[in-house]
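S.K.: One structure follows; several queries about it will come next.
The values are calculated or read from the model by the stated rules, or taken from the named source; none is laboratory data. On a predicted model such as this, the values are computed, not experimentally measured, just so you know. Cβ coordinates were reconstructed from backbone atoms using ideal geometry, including for glycine residues, and neighbour counts include every protein chain displayed. The protein model used for the area step is the full one, side chains on, heavy atoms only, and it has no ligands, DNA or RNA in it. Shrake-Rupley method; radii C 1.70, N 1.55, O 1.52, S 1.80 Å.
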Amino acid sequence: MSNATRTTRAPGRREAEARATREALIEAALELFTERGYAAVGTEEIVARAKVTRGALYHHFTDKRDLFRAAFERVESDLMERIGATMKSASDPWDLMFSGMRAFLDACEEPAVKQISLTDAPAVLGWQEWREIDNRHGLGLTRAALDAAVEAGSIRPIATEPMAHLFVAALSEAAFVIAHADRPRKARAEVEEALLQLVEGLRA
């Protein structure tokens with residue numbers, strides 16, 4: 001093997017190892033934060049579960065809060081991917097909107113979503129940053145669903161951009177109601193009914 005080939009491959013290998021280390025840290029943090037919450041988890045536990053050094057943690061992340069942000073982003077991106085997959089099976093744009101909404105509400109009882117996205121993230125990151133990340137992941141999917149419904153004539157012609165923001169905000173509030181309710185299943189049924197009535201008002 002030539003020196004040039006070794007020089008080319010070495011950076012690629014290092015990059016792959018760095019990606020693997022970062023992934024291990026995010027996965028370990030996600031598991032621990034889900035199990036016990038942000039405040040109860042120390043960085044020493046995270047690096048032990050990830051089987052990396054503390055130096056590796058601070059090479060990839062500024063601090064525990066920065067790692068938490070990455071874990072939160074992972075929960076949000078995975079959730080939106082699953083919701084998008086559910087929506088692809090919808091028979092028409094009206095059903096597409098409701099299938100996406102129901103998939104989101106179902107996820108609000110999942111441990112990672114409940115603990116990381118709906119309990120710790122607003123407190124750890126602050127409301128503004130939490131909202132920015134939440135919108136970045138959920139707004140596009142919501143806007144696309146509304147655009148499709150308008151184009152198909154399923155709902156009245158509306159300005160879909162502001163409506164998407166309002167709908168995401170309503171879904172976020174519904175999520176908080178479910179996540180912090182004494183009886184989540186009952187709360188889930190009640191907020192779904194309220195959201196259905198809200199969307200019914202948009203019918204063409």
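S.K.: Along the charge dipole of the chain, Cβ charges K/R +1 and D/E -1, which of Q128, V113, A24 sits furthest on the positive end?
M.R.: A24
S.K.: What does the extension gain come out to for Q197 and H165, with contour length at 0.36 nm per residue minus their alpha carbon separation?
M.R.: 9.7 nm
S.K.: Let me ask another. What FRET efficiency comes out for D106 versus R14 if R0 is 45 angstrom and r is the Cβ-Cβ distance? Round to the nearest 0.05.
M.R.: The value I calculate is 0.65.
S.K.: Show W130, W94 ordered by accessible area, largest first, where the area counts protein heavy atoms only and the probe is 1.4 Å.
M.R.: If we order W130, W94 from most to least accessible, we get W94, W130.
S.K.: If you project the alpha carbons of the stretch 101-204 onto their three principal axes, what span does each projection cover, largest first, in Å?
M.R.: 40, 30, 16
S.K.: Scale the Cα Rg of the stretch 25-108 by the rule-of-thumb value 2.2 N^0.38 Å and send over the ratio, two decimals.
M.R.: Relative to the rule-of-thumb radius for its length, the stretch 25-108 sits at 1.42.
S.K.: Now a separate question. Pull up all non-local amide H partners of E110: gap of 5 or more, or a different chain, and H-to-H distance under 5 Å with H placed in the peptide plane.
M.R.: For E110, no residues qualify.
S.K.: Straight-line reach from K114: which aspartates and glutamates have a Cα under 15 Å away, not including same-chain ones fewer than 8 places off?
M.R.: Cross-link targets: E31, E35, E73, E76, D78, D106, D134, E173, D182.
S.K.: Further, regarding this structure: Assign one of three labels to the stretch 83-148, namely rounded, prolate or oblate, based on the Cα gyration tensor with a ≥ b ≥ c the square roots of its eigenvalues; rounded applies when a/c is under 1.5, prolate when it is not and a/b is larger than b/c, and oblate otherwise.
M.R.: Oblate shape, in that a/c is at least 1.5 and b/c is the bigger or equal ratio.
S.K.: Give the relative contact order (percent, whole number) for the chain; include only Cα pairs under 8 Å separated by 6+ residues.
M.R.: Dividing the mean separation by the residue count of the chain yields 19 percent.
S.K.: Which far-off residues, 5 or more places away or on another chain, put their amide H under 5 Å from the one on I155, with H placed in the peptide plane?
M.R.: V150, A204
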